[in-house]
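Step one of this worksheet: look at the structure below.
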Amino acid sequence: MHFEGKEIFKFPAGLENIKKAFKDRFPELIAEIDIYYHHVERSAFVFTQKFIFHNITPRWVGALLQKIANREYYFYEDKTVQMMNDLVFGEGKNEEIKGIITGQFGDYGVMPNKASFLLQGALHMHYAKNGGWYPKGGSEILATRMCECIYKNGGKVLVKADVKNIIVGEDGNAIGVTCSTDGKSNSIYATEVISTIGVVNTYNLLPEKYHDARLKRI
Ligand SMILES: Cc1cc2nc3c(=O)[nH]c(=O)nc-3n(C[C@H](O)[C@H](O)[C@H](O)COP(=O)(O)OP(=O)(O)OC[C@H]3O[C@@H](n4cnc5c(N)ncnc54)[C@H](O)[C@@H]3O)c2cc1C
């Protein structure tokens, strides 16, 4: 992590390594750092448990398990990242360590005074345990290389092509899409149509006759 006019703080991979890096940099806060990482570990654990219980069917079993076996979750449930920072490192104090420790907040995209500590704990833990990676050239390189492969095989990549609807054949299978490029409508047909915009968005692009009141409620 870079600070304007200051040295860099490096986040090493491995939970013990990262704790040590913080303790070396802030020797006056050794006890607080241990407490903070206790909360990071516990919140990451209960967050994962909540996710697992949430997906158990029948739903009432998951809800019951969550209430009985995941009580610790409720300690973190209503706490923001900032609240936990203040709780552990003191309100209005030690702003530098708070800034460094929550510097990854961009990954969940919500400011620390609004984001749940559960999210911070889970995210921080996942980096602390195994470290993080990114491709040389940044994430953009993934799209660049994929496009090269698509063009090499005779394909085409359209950008700013808003898909307005999915074309469905008589047998009920998707056979293409209608998209709008530069204000012009364009129908593209294919043997396979793959959607990566999520279930709800995909559903909304299907012709009205395939809409179902029961599915809409999901
Ligand atoms: C806050 C956050 C942090 C993340 N951090 C990481 C990380 O650190 N590492 C990691 O591996 N993953 C991370 N992910 C997950 C990763 O971003 C996604 O898994 C990945 O982007 C999914 O790629 P995709 O191509 O399937 O979908 P998307 O990237 O969502 O692409 C779908 C595209 O379709 C477009 N679209 C939608 N509707 C239409 C339409 N009607 N017509 C035309 N285009 C349309 C959208 O604008 C979008 O560009 C993160 C996700 C979030 C939200």
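Residues of the chain were split at every exposed loop site, defined as chymotrypsin sites (Phe, Trp or Tyr not before Pro) in a DSSP loop with at most 13 other C-beta atoms within 10 angstrom, and the longest piece left, sites excluded, is 4-132. Here's the picture: charge each Lys and Arg Cβ at +1 and each Asp and Glu Cβ at -1 in the chain, and of ASN173, HIS2, GLY121 the one pushed furthest to the positive end of that dipole is ASN173. The GluC sites (Glu not before Pro) of segment 91-191 meeting both criteria, a DSSP state outside H, G, I, E and B (loop) and at most 14 other C-beta atoms within 10 angstrom of the site's C-beta, are GLU91, GLU170.
Remark: spin-label model distance ILE194-ALA69 equals 3.6 nm, labels positioned 7 Å along the Cα→Cβ axis. With each label point set 7 Å from Cα along the Cα-Cβ vector, what nm distance links GLU28 and TRP60? Label at GLU28, label at TRP60, 5.7 nm between them. Loop-resident trypsin sites (Lys or Arg not before Pro) (DSSP state other than H, G, I, E or B) in segment 35-71 with no more than 16 further Cβ atoms inside 10 Å of their Cβ: ARG71. Dipole check for segment 140-209: with +1 at the C-beta of Lys and Arg, -1 at the C-beta of Asp and Glu, and the Cα centre as origin, the magnitude is about 200 Debye. Binning all Cα-Cα separations of the chain at 10 Å, short to long from zero, yields these whole-percent fractions: 7, 21, 22, 20, 20, 9, 1, 0. Kindly provide log₁₀ I(q)/I(0) values, in the same order as q = 0.20 Å⁻¹, from the Debye equation applied to equal alpha-carbon scatterers of segment 64-171. For segment 64-171, the Cα-only Debye profile gives -1.08. Summing charges over neighbours of TYR76, with a neighbour being any other residue whose Cβ is under 14 Å away from its Cβ, gives 0 when K and R count +1 and D and E count -1. Rg over Rh for segment 15-130 works out to 1.01, both radii taken from alpha-carbon positions and Rh defined as the Kirkwood radius.
Coordinate-derived values only; no laboratory data. Fair warning: this is a prediction, and the values are worked out from it, not measured in the lab. Neighbour counts run over all protein chains shown; Cβ positions are idealised from the backbone, glycine included.
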